[in-house]
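Heads up: the structure comes next, in structure tokens.
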Amino acid sequence: MTVYDEVDVYEEVEIEDMDFDETELMYYYPCPCGDKFRITLEDLWDGGDIAKCPSCSLRIQVIFEEQDLPPLPPEEEEDDDDDDDDNKD
């Protein structure tokens with residue numbers, strides 16, 4: 001059973017028809033309610049294919065090939081040295 005079988009989808013959309021925001025690493029597609037369906041690049045790399053609209057209950061299935069996705073940026077490590085700056089006299 002796939003995610004598609006478990007969730008009612010409004011439409012199947014090719015990833016090429018979606019807009020990609022390189023800053024947010026998010027794909028968008030217009031929803032009939034006036035908002036936009038959205039799914040993160042990380043969700044796609046993790047095998048997710050359902051984009052949700054935050055303003056209504058509609059969902060779409062994103063059709064894509066993993067090898068066509070942009071690469072995920074390397075994870076940034078948290079800098080623990082910031083606390084040391086506050087303790088300097």
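Computed extension gain for Tyr28 through Asp46, at 0.36 nm per residue and net of the alpha carbon distance, reaches 4.7 nm. Straightening the chain between Leu72 and Cys56 buys 2.9 nm, computed as 0.36 nm per residue apart minus the Cα-Cα spacing. A protection proxy built from the mean count of other Cβ atoms within 10 Å ranks the segments 47-55, 65-73, most packed first, as 47-55, 65-73. The length gained on full extension between Asp17 and Ile63, counted as 0.36 nm times the residue separation minus their Cα-Cα distance, comes to 15.6 nm.
With the cut-off at under 11 Å, measuring from each backbone N in the stretch 44-75 to a point 7 Å along the Cα-to-Cβ line of Asp8 picks out 57-59.
No lab work stands behind these numbers, since they all come straight from the coordinates. This is a predicted model, so every value here is computed, not measured. Don't worry about glycine lacking a Cβ; one is built from the backbone with ideal geometry, like all the others, and counts go over all protein chains shown.
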